[in-house]
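Novice: Structure provided below as structure tokens; questions to follow.
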Amino acid sequence: VPLQAYGGGLVQAGGSLRLSCAASGRTFGSYFVAWFRQAPGKEREFVAAIRWNGGVTYYADSVKGRFAVARDSARRNAVHLQMNSLKPEDTAIYYCAYRNAPGAPTSATEYGSWGQGTLVTVSS
């Protein structure tokens, strides 16, 4: 499933950004849409995920209480990541990923569809 992630940019610490992930040409199935991020020199890490059916959400400890992942209220092919109280350590390329199968929502290796990434830079 082709995915497009967008909404990144430059923001000051304490600010907010909203990332979006859209599937091209189809709708999301029952399972997981996730966000991962990769900072320079670091491994890709899990940020947040949502199970489409039921709307159950999952978050990394580092973003709990600051980030919120949600399904688009009108479209079945889009998911948004609202990022508040951003910190310089949130600086990374953010990727969305999708898989229509059960399993661990936090494991990057279980996702078969990936977007191209959108850069988020948080200045101090």
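The values are calculated or read from the model by the stated rules, or taken from the named source; none is laboratory data. What you are looking at is a predicted structure, and each value in this text was computed from that prediction instead of being measured. Backbone-built Cβ (ideal geometry, glycine too); neighbour counts: all protein chains shown. Surface accessibility is based on the protein's heavy atoms, side chains included, excluding ligands, DNA and RNA. Shrake-Rupley method; radii C 1.70, N 1.55, O 1.52, S 1.80 Å.
Novice: What fraction of the DSSP beta bridges in the chain is antiparallel, stated in percent and rounded to the nearest 5?
Specialist: That works out to approximately 90 percent antiparallel.
Novice: Now a separate question. Could you compute the net charge surrounding Pro105? Neighbours are other residues with a C-beta less than 10 Å from the C-beta of Pro105; K and R count +1, D and E count -1.
Specialist: Taking every Cβ under 10 Å from that of Pro105, the sum is +1.
Novice: I would also like to ask the following. Lys and Arg at +1, Asp and Glu at -1: add these up for the other residues within a Cβ distance under 14 Å of Gly25 and post the number.
Specialist: +3
Novice: Give the calculated FRET efficiency between Ala108 and Ala74 to the nearest 0.05, with a Förster radius of 30 Å applied to their Cβ-Cβ distance.
Specialist: Between Ala108 and Ala74 the formula returns 0.55.
Novice: Any chance you could look up the accessible area of Asp72 with a 1.4 Å probe, heavy atoms only, rounded to 10 Å²?
Specialist: Asp72 has an accessible surface of roughly 30 Å² with all protein chains in place.
Novice: Taking K and R as +1 and D and E as -1, what net charge do the other residues with C-beta under 10 Å from the C-beta of Ala60 add up to?
Specialist: Neighbour charge sum, excluding Ala60 itself: 0.
Novice: Roughly to the nearest percent, how much of the accessible area of the stretch 9-112 is carbon and sulfur, given a 1.4 Å probe?
Specialist: The computed percentage sits at 47.
Novice: Now for a different question. Hey, if you put +1 on the Cβ of every Lys and Arg and -1 on every Asp and Glu Cβ in the chain, which of Asn53, Leu119, Leu3 ends up farthest toward the positive end of that dipole?
Specialist: Going by the charge dipole, the pick is Asn53.
Novice: Could you do me a favour and compute the accessible area per residue for the stretch 1-104, 1.4 Å probe, result in Å²?
Specialist: 48 Å²
Novice: Run through every distinct alpha carbon pair of the chain and return the Kirkwood hydrodynamic radius in angstroms, one decimal place.
Specialist: 14.2 Å
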